[in-house]
1. For the structure I just gave you, tell me whether residue 4 is over 23 Å from residue 120 (Cβ atoms), out of contact with any strand residue (DSSP E or B) (no Cβ under 6 Å at 6 or more places or on another chain), modelled with pLDDT under 95 and not in a strand (DSSP E or B).
2. Of all residues in segment 54-79, which are touching a residue at least 12 places away in the same chain (Cβ under 8 Å) and touching a helix residue (DSSP H, G or I) at 6+ places or on another chain (Cβ under 8 Å)?
3. Restricting to segment 128-148, count the residues that are within 15 Å of residue 46 (Cβ to Cβ), outside any helix (DSSP H, G or I) and in contact with a helix residue (DSSP H, G or I) (Cβ under 7 Å, 6 or more places away or on another chain).
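The values are calculated or read from the model by the stated rules, or taken from the named source; none is laboratory data. Please read all numbers here as calculations on a predicted model, not as lab measurements. Note that each Cβ is placed from the backbone with ideal geometry, even for glycine, and that neighbours are counted across all protein chains shown.
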């Protein structure tokens, strides 16, 4: 997906703007990351006009960002830079498309910065595909942009539980879609 390209349709003809820019020098399926991000934002009922940027960078750039913003040396896997204070709508609300609900107005969600090189190393250690690791990291970053954290045990359980549920639902939906597509192609 080209930088600035709008990814996908959401509700009543509105579009969520998800910009994916790959500056890492590593081939990554940018449209798949944009689709995952759109799925997570939909599942979290974030306003359909909210904007998100996903940036993929090399280890040098990530190490610089990690040092500059967190004061920690070396590259990391994901960083999240929130912009507007967007939050999921309150429980029981049908959708985040009414500006009178707190945190539901459209806005710039922020930036998720991923390092595919670090993700590849973690994927090898975890014995799963790099794409799965990047999906997990992207979801993790988006949840941070929405105000989730994992500093204490309760927050950790909440955030990682939600992350696991979102990824499981995403993967189940896409596995079913691939099955259906394979059936259509086989006749």
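1. No.
2. 54, 56, 57, 58, 59, 62, 75, 76, 77, 78, 79 - these are the residues of segment 54-79 that are touching a residue at least 12 places away in the same chain (Cβ under 8 Å) and touching a helix residue (DSSP H, G or I) at 6+ places or on another chain (Cβ under 8 Å).
3. 1
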